[in-house]
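Report on the following structure.
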Amino acid sequence: MFKEKIRVLLLGGSLTDHGSYADGNYQGYPVVITTESTVYHVRINAVSTQDPDNAQLAQYLEYQKQNVKHLADYSCTSTSALLTIKMPAVNGNKVPDMINSVVDPLIQYLHGGNYQPCCESCGSTQEYLSNYEVNGSYHYLCTSCAQQIEQNLQQNQQTTRAKKSNLVAGLVGAFVGSLIGCVLWVLIYRLGYIAGIAGAVTAICALRGYELLGGHLDRKGVIISTVMMLVMIFFANRLSWTWDAYDALKDEGYTFSECYQYLDNILDLSELTGSYYSDLFIGYGLTLLCSVRRIIDAFRTSSGSYRMKKAQ
Ligand SMILES: [Zn+2]
């Protein structure tokens, strides 16, 4: 995540760059740096017997937030401080100065207050700490906390998988949910656009609908909601085209339902079948683009799957 010439200047070159995060021991404290859109997150674990629950540390950070330019935000727990530092808009060479100007005073404060490096979970200062990835975030933990957290994740997976949803109620929920997206699709189409965003709304509402009425979004719920979404988008596109055909043919005495019924013939006669299907496929493409992340996430949550490993 940092170029080498940046990394060596950052916190005295003490961190190792792992691509998506950097970690290491800076002046005795475990430090992890991650990025999120336009900010850096710097996590440092420390406790002091003179500062129960890090209340004073939080006060200090609040003061720093008011007075240190690059410190955009912070959060403080009883075992760690999380600093949010804005990335420079243009000049990447400023990164070390910006991060150092926030972290160095904090480290001095920690040394001055006899803060000790600690496990982020239990706060123990006696154990050997390693950096663990837990569902995409990074935490310095002692071995027994790491084992405990992994056990909890396993247990959670088992209970999540054991939960069953009500299929019929869920189906109704997914239908009603995707209907909302479907209406939005037709309306946006009337304005002259193919509505990938309405496709995403269809996906979200279908999943949410299944969860609300079915009681729980399990794996079959995700699959059913996704299929429902695809079917409903087919109908949304068909309704949109029917509406166009109706606009063109109503003066000749055709009703809306006749236009719907004979849409294929109308398309054929007006040589628009190709455009119709290209709209449909572009619509599906945009929908998948906008919603695939959410569907994968829903699937992952529904199966209780998790990621935990020692970071290296
Ligand atoms: Zn621990």
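Cβ separations smaller than 8 Å between residues 6+ apart or across chains give the following pairs from region 101-118 residues that are on the phi > 0 side of the Ramachandran plot to residues that are open to solvent by 40 Å² or more (accessible area, probe 1.4 Å): Asn114/Thr49; Asn114/Gln50. The criterion of being outside any loop (DSSP other than H, G, I, E, B), within 16 Å of the ligand (Cβ to nearest atom), on the phi < 0 side of the Ramachandran plot and in contact with a strand residue (DSSP E or B) (Cβ under 8 Å, 6 or more places away or on another chain) holds for Glu150. Looking at region 67-86, which of its residues are of a type in the set (A, V, I, L, M), within 17 Å of Cys119 (Cα to Cα) and open to solvent by less than 30 Å² (accessible area, probe 1.4 Å)? Ala81 - this is the single residue of region 67-86 that is of a type in the set (A, V, I, L, M), within 17 Å of Cys119 (Cα to Cα) and open to solvent by less than 30 Å² (accessible area, probe 1.4 Å). Against the test of being at pLDDT 90 or above and not in a helix (DSSP H, G or I), the options Tyr260, Tyr284, Tyr276, Tyr254 yield a single qualifying residue, Tyr254. For region 112-137, residues that are among the aromatic types (Phe, Trp, Tyr), within 16 Å of the ligand (Cβ to nearest atom), in a loop (DSSP other than H, G, I, E, B) and open to solvent by less than 50 Å² (accessible area, probe 1.4 Å) total 0. Just one of the listed residues (Ala195, Ala206, Ala248) is without any contact (Cβ under 8 Å) to a residue 40 or more places away in the chain, closer than 30 Å to Ser270 by Cα and either among the acidic types (Asp, Glu) or assigned by TED's automatic domain parsing to the domain that holds Ser278 (or both), namely Ala248. Of all residues in region 144-187, how many are of a type in the set (A, V, I, L, M, F, W, C) and open to solvent by less than 40 Å² (accessible area, probe 1.4 Å)? Residues that pass the stated criteria total 8. Residues satisfying the criterion are absent from region 277-298 (criterion: open to solvent by 80 Å² or more (accessible area, probe 1.4 Å) and among the polar types (S, T, N, Q)).
The values are calculated or read from the model by the stated rules, or taken from the named source; none is laboratory data. As the structure is a prediction and not an experimental result, all values here were calculated from the model. Glycine gets a Cβ as well: all are built from the backbone with ideal geometry, and neighbour counts include every protein chain shown. Just the protein is used for accessible areas: all its heavy atoms, side chains included, with ligands, DNA and RNA removed. Shrake-Rupley method; radii C 1.70, N 1.55, O 1.52, S 1.80 Å.
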